[in-house]
Amino acid sequence: MRRYLVAAIFLLSACGQNAPDKADKKEAADAPGVALTAEEVKSLGVTTVQARASAFRHQVAGYGTVTALDSIAQADAETRTATAQAAQSAAAAARAKSLGSGEEAAVSQEIVETAQSKAASDQAALHLAERKAQAAFGFNAPFRDAKDRAALMERLASGKSVLVRVTFPAGSLRNRQPASLSVARLGDSAKTWTTSRIWQAPADPALPGTGLYAVIDGSDLAQNEHVSATVFDGPPQNGVLVPAAALVMGDGENWVYLQNGDLHFLRAPVSTDKPVGDDYFVPGGAGIAPGQKIVTNGAGLLLSRESNPSTGAGD
């Protein structure tokens, strides 16, 4: 009886020790994600990087061309010539009217009327030159003020500045003029020039969209050269950058695996609508915090393991 009693005590003790282990294993199996051993992590080749904090602003892209200097110079010359002629004829008409008035008129009324007609004609020519410049370069172009026009023409003629016309997709700017604009030579994304001297361009019948003119200072862009352009749209967002290599596809969505604990990995959905170089921007509050470990190697094997828990590391 004593032997049976001792054996029963040992049996109950063993059962009591194994019960928590079985409960722990069942709890781990029922938990979402993938729980691995250190050996399995090594055999699957799982490696991680920390999510980097970043800020993001949505950008709108467009394309443009450096305006040829001769077209700008022609508009400037026509406006300056018309302005001078209108001023001269207006002064002549005023002088003729003064001389042709009173009982002792020095000139005939016919001469007065001819001078007035010439002044009206030259004034109409000036308005036409201004309208042509506005039709080509917009109503807010810095060509309307003679002083600003002279200063700009000097910079354009010397090559210190260039005038760029860019077009953005229809509706992309939501009828708002950006505060600044950046241009880059096609194929040379590392070199950009930014300006805040921007105004609305007339609509281009050959290319639908929103057109802008911009004066770019200090560039080496050539006349008629094609460029790309970008403007910021909306306020900046705070979030993290997720490496593109970390993405896996599952259940029709893009996911990454986060290391949630020492040897536990949990999936988190990732939107790919904000690419930044070789990464994707994930806004704050979307489930990934700065400093969290993201699986970059072995994510596909983790997905297979999660989908089929019976799959071993060697499979």
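Among the residues of region 122-176, those that are of a type outside the set (A, V, I, L, M), over 28 Å from the mean Cα position of the chain (by Cα) and exposed (fewer than 14 other Cβ atoms within 10 Å of the Cβ) comprise H127, R131, D145, K147, D148, E154, S158. If the condition is being under 32 Å from the mean Cα position of the chain (by Cα) and crowded, with 19+ Cβ neighbours inside 10 Å, then region 68-78 contributes only I72.
Among the conditions (1) surrounded by 18 or more Cβ atoms within 10 Å (Cβ to Cβ); (2) within 33 Å of the chain's Cα centre (by Cα); (3) more than 30 Å from G300 (Cα to Cα), A119 misses just one, which is (2). As for region 79-91, it holds no residue that is over 46 Å from the mean Cα position of the chain (by Cα) and not in a helix (DSSP H, G or I).
If I filter region 179-197 down to residues being of a type in the set (G, A, S) and more than 26 Å from A73 (Cα to Cα), which single residue comes out as modelled with the highest pLDDT?
A179
For region 157-178, taking the residues that are under 15 Å from A214 (Cβ atoms) and among the polar types (S, T, N, Q), the one that is modelled with the lowest pLDDT is identified as Q177. Filtered by the rule that a residue be touching a Leu at 6+ places or on another chain (Cβ under 7 Å) and under 17 Å from V49 (Cβ atoms), region 243-253 gives a lone residue, V248.
The values are calculated or read from the model by the stated rules, or taken from the named source; none is laboratory data. Just so you know, these numbers come straight off a predicted model, no measurement behind them. For neighbour counting, all protein chains shown are included, and Cβ atoms are generated from backbone atoms with ideal geometry for every residue, glycine included.
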